[in-house]
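The values are calculated or read from the model by the stated rules, or taken from the named source; none is laboratory data. The structure displayed is predicted, hence computed values, not measured ones. Note that each Cβ is placed from the backbone with ideal geometry, even for glycine, and that neighbours are counted across all protein chains shown. When the accessible area is computed, the model is the full protein with side chains, heavy atoms only, and any ligands, DNA or RNA have been set aside. Shrake-Rupley method; radii C 1.70, N 1.55, O 1.52, S 1.80 Å.
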Amino acid sequence: MPTTAATVASAPTAEAISTEALSTEAPAAKVFLVDSDPSTRREAMQALLPHGFELLIGEGPFEATTAILRAEPDLVILGDSMTHEFGLALVGRLFSLPTTANTPVVVIANTPEKRLAAEKAGATRVLSGPLGEDALRRAVATQLGLPGGLDHAPVSLLNDVDRLAAVRALRDSSGAVDFDEFTRLTSDQLRTPVSLVTLIENDRQVYASHVGLTPPWSAAGSAPLEYSYCQYAITSRQPLIIDDTSTHPLVASSPSVSESDWIAYAGIPLITADGHAVGALCAIDHRPRQWTPDDIRTLEDLAGILTTQLDSALTAPATGRHRRH
């Protein structure tokens, strides 16, 4: 199928492609495709450009974030070549940023293993690939307008058997890790009224340690997932930094905003050596706060030390429940 005339930007962030077939009655839907495979990018041009879509293309996940924020697309698609750890990390970066939290992110995955990984990463929709031109065009038309925000961490992630086994082992580690040391250091060094070490089960957030947590959750030791910001940190598997939760689409509807006055949040996922995101170390303020690079670096350093201790607890002979493969 011949393509219409197109111009490709030389900047490394993205390739901007225009078409003469754009409708004059309404703005064209803007689709951003991230894929390193030239044949897939060519098929997307042939499938979408003649039918009035505006298509922008990024070849990799690292430069794509900036390009997507600048382009403000209606839909982001990650091709099968992006279904690796670094490619799928883009999903978490997009849903955790206020300007892209409601942008639907669709992943095309060619194998069951890749589809499961994309679901755990928090993709709005995962499509079985490979897709031909007609199937891709129909899929894009169908996915446009989907709500992009997450209501909760993906069920496939929450219910992962091995991840839950690691969480249970840590809860049963009988003091092998001094969680209180890390919440105390977090509040002291970041000057926050609240700090938490959380472990995320399939239906609740368990407080392994806390500073500044108020009733009823301080007495209960856990809260339903609807109160959890940390569930999104373990989904994205990267720092979740929110200056003002009351205006952030990802968590603004959480009862923690109104009931607990948790307004600024910085959370680092705790990922074991086996690759299981079990919880988070987080700092919380009762007012909007612009977290500094030093704040985030301090929290990452503490989380790194904590994760090392978690791995030791998981592999200790006394625990014996969850060893490295």
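Assorted remarks:
- Against the chain, whose longest principal axis comes from its Cα atoms, helix 133-143 is set at around 50 degrees.
- Check: the chain dipole with +1 on Lys, Arg Cβ and -1 on Asp, Glu Cβ, in debye: 420 debye
- Protein heavy-atom surface of region 124-242, 1.4 angstrom probe: 49% of the accessible area is carbon and sulfur, with nucleic acids and ligands not counted.
- Taken over the alpha carbons of the chain as equal point scatterers, the Debye sum produces base-10 log I(q)/I(0) values at 0.10 Å⁻¹ of -0.61.
- Each listed q (0.14, 0.30 Å⁻¹) maps to a log10 I(q)/I(0) for region 39-101, found by the Debye formula over equal Cα scatterers with no solvent: -0.42, -1.39.
- Remark: the chain carries 44 Å² of accessible area per residue (probe radius 1.4 Å; ligands, DNA and RNA excluded).
- Within the accessible area of region 259-321 (1.4 Å probe), percent carbon and sulfur: 50 percent
- Relative contact order %, the chain, counting alpha carbon pairs below 8 Å whose residues are six or more apart: 13 percent
- 0 to 90° range, to nearest 10: angle between helix 38-48 axis and the chain longest Cα axis: 70 degrees
- P(r), alpha carbons of region 96-237 - 10 Å bins starting at zero, rounded %: 10, 31, 30, 17, 9, 2
- Shape index of region 65-138: Rg/Rh, with Rg the Cα radius of gyration and Rh the Kirkwood radius from the inverse mean 1/r over Cα pairs, equals 0.96.
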